[in-house]
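The values are calculated or read from the model by the stated rules, or taken from the named source; none is laboratory data. Quantities reported herein were computed from a predicted structural model and do not represent experimental measurements. All Cβ positions, glycine included, derive from the backbone under ideal geometry; neighbour counts span all protein chains shown. The protein model used for the area step is the full one, side chains on, heavy atoms only, and it has no ligands, DNA or RNA in it. Shrake-Rupley method; radii C 1.70, N 1.55, O 1.52, S 1.80 Å.
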Amino acid sequence: MQIFLGDLIDRYGYDFTGYSEASIRRRIERFLAMERIQDIQVLRSLVLTDAGYFSHLVEEMTVNVTEMLRDPVFYKVLREEIIPVLATYPFIRIWHAGCSTGEEVYSMAILLKEEGILQKSRLYATDINPGVIEKARNGIFPAGPMKKYSENYIQSGGKNDFSSYYTANYNLVKFDEQLTEKMIFATHNLVVDSSFNEFQLILCRNTLIYFDKNLQSRVLELFDRSLELLGFLALGTKETLRFSSIESKFRMTVPGQKIWRKVK
């Protein structure tokens, strides 16, 4: 396994060695079964000789489960506690790191629009997987989950009819371009790429759980460098700053929510 991961670094510059070993092994075994490949040596040969096949592997290995307004209480806290602070800034930069297919980016844009500050905001959405970035950029999603998303929206304090933000066409919906025009999508590898801006809010929810402790530390230090003083960092429910190298520079803002503010 380690030889294979080392090959991916040498050939393509993608470093998966800091991912949780159990997680990466499970994903590769799933890919082998899905592709009906006999063993990892056959996969190694395919990947190293075909860049297109490598892209296919990355897409399958990095897909994360996501949904709009996932954890409505979190978004209610954003709406009531964090966005009013952001509203005091003349211009707002928000980074969704590991954005997957973009559902959470669109969720944020809706909140900002309803609070009257979308026009002075820029939402940067990045992921290692170029395939999901393209899906996010298009703003087209399956119609099936919209009922669930509408329920999340109501619970998060939504002020309008959730369906007013998209147009339905058979089994797909397309979200309003007024939301997407404030978004910038790009591929970004949290493992090897550097900071590219200074943000007032960074969200990276349920991505660090796939990394080992050393890689988690490197990514958190990247977020620290990318966040301006008094900016906010939001992580997933099973992720924390405790025992990290940046813990002393942050304080938790709302009890029970994984949102910290950079205080030094």
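Beta-bridge orientation, the chain: approximately 40 percent antiparallel, per DSSP, counting only bridges with both partners inside. Put a dot 7 Å past the Cα of Arg11, heading toward its Cβ, do the same for Ile140, and the two dots end up 3.1 nm apart. Under a GNM of the chain (C-alpha, springs under 10 Å), which listed residue has the highest mean-square fluctuation: Phe199, Phe54, Phe74? Of Phe199, Phe54, Phe74, the most mobile in the Gaussian network model is Phe54.
Taking the longest Cα principal axis of the chain as reference, the axis of helix 2-12 is set at about 70 degrees.
Quick one: pull the percent of accessible area on the stretch 111-151 belonging to carbon and sulfur, 1.4 Å probe, ligands and nucleic acids left out. All intermediate terms of the calculation are to be shown ahead of the outcome.
Working: 930 of 1730 Å².
Within the stretch 111-151, the accessible surface is 54 percent carbon and sulfur.
Could you work out how much longer the chain between Ala87 and Arg218 gets when fully extended? Use 0.36 nm per residue separation minus the Cα distance between them, nm to one decimal. So the chain would gain 44.1 nm between Ala87 and Arg218. For the stretch 36-47, 3J(HN,Hα) computed residue by residue from phi via the Karplus equation (6.51, -1.76, 1.60; θ = phi - 60°) reads 6, 9, 5, 7, 5, 5, 5, 4, 4, 5, 4, 5 Hz, glycine and proline entered as x.
For the chain, the longest principal axis of the alpha carbon atoms and the long axis of helix 213-226 meet at an angle near 40°.
When a/c reaches 1.5 or more, the comparison of a/b and b/c decides; with that in mind, is the chain rounded, prolate or oblate per its Cα gyration tensor? Can you show the working numbers first?
Details: a/c = 2.05, a/b = 1.34, b/c = 1.52.
The shape class here is oblate.
Scanning residues 5 or more positions from Tyr19 or on other chains, those with amide H under 5 Å from its amide H are Asp212, with H placed 1.01 Å from N in the peptide plane.
With angles folded into 0 to 90 degrees, how steeply does helix 103-114 sit against the dominant principal axis of the chain? Use alpha carbons for both and round to 10. Relative to the chain, helix 103-114 is tipped by roughly 10 degrees. With 0.36 nm allotted per residue and the present C-alpha distance subtracted, the Phe4-Glu247 stretch has 84.1 nm of extension available.
Give the percent of DSSP beta bridges with both residues in the stretch 95-239 that are antiparallel, rounded to the nearest 5.
Numbers: 7 of 22 bridges.
Bridges in the stretch 95-239 that DSSP calls antiparallel: roughly 30 percent.
Computed over protein heavy atoms with a 1.4 Å probe, the accessible surface of the chain works out to 47 Å² per residue.
Quick check: convex hull of the Cα atoms in the stretch 76-115, volume per residue, rounded to a whole Å³?
On the way: hull volume 2.9 nm³, N = 40.
With only Cα atoms used, the stretch 76-115 gives 73 Å³ per residue.
Which shape class, rounded, prolate or oblate, goes with the stretch 209-264 when its Cα gyration tensor gives a ≥ b ≥ c as root eigenvalues, a/c under 1.5 marks rounded, and past that a/b bigger than b/c marks prolate? In terms of gyration-tensor shape, oblate.
Kindly give Rg over Rh for the stretch 169-256, based on alpha-carbon atoms, with the Kirkwood expression for the hydrodynamic radius.
Working: Rg = 15.6 Å, Rh = 15.0 Å.
That ratio equals 1.04.
If you average 1/r over every pair of different alpha-carbon atoms in the stretch 42-176 and take one over that average, what Kirkwood value in Å do you get? Averaging 1/r across every pair of different Cα atoms and inverting gives 16.3 Å.
Per the Debye calculation on the stretch 23-73 with a single equal scatterer at every Cα and no solvent contribution, log₁₀ I(q)/I(0) for q = 0.28 Å⁻¹ amounts to -1.15. Oblate is the label for the stretch 84-147. Its Cα gyration tensor axes, ordered a ≥ b ≥ c, give a/c of at least 1.5 and b/c at or above a/b.
Shown in residue order for the stretch 127-132 are the 3J(HN,Hα) couplings computed by the Karplus curve 6.51 cos²θ - 1.76 cosθ + 1.60 at θ = phi - 60°: 7, 6, 9, x, x, 6 Hz (x for Gly and Pro).
Between Leu32 and Asn169, the modelled labels are 4.2 nm apart [label points 7 Å from Cα along Cα→Cβ].
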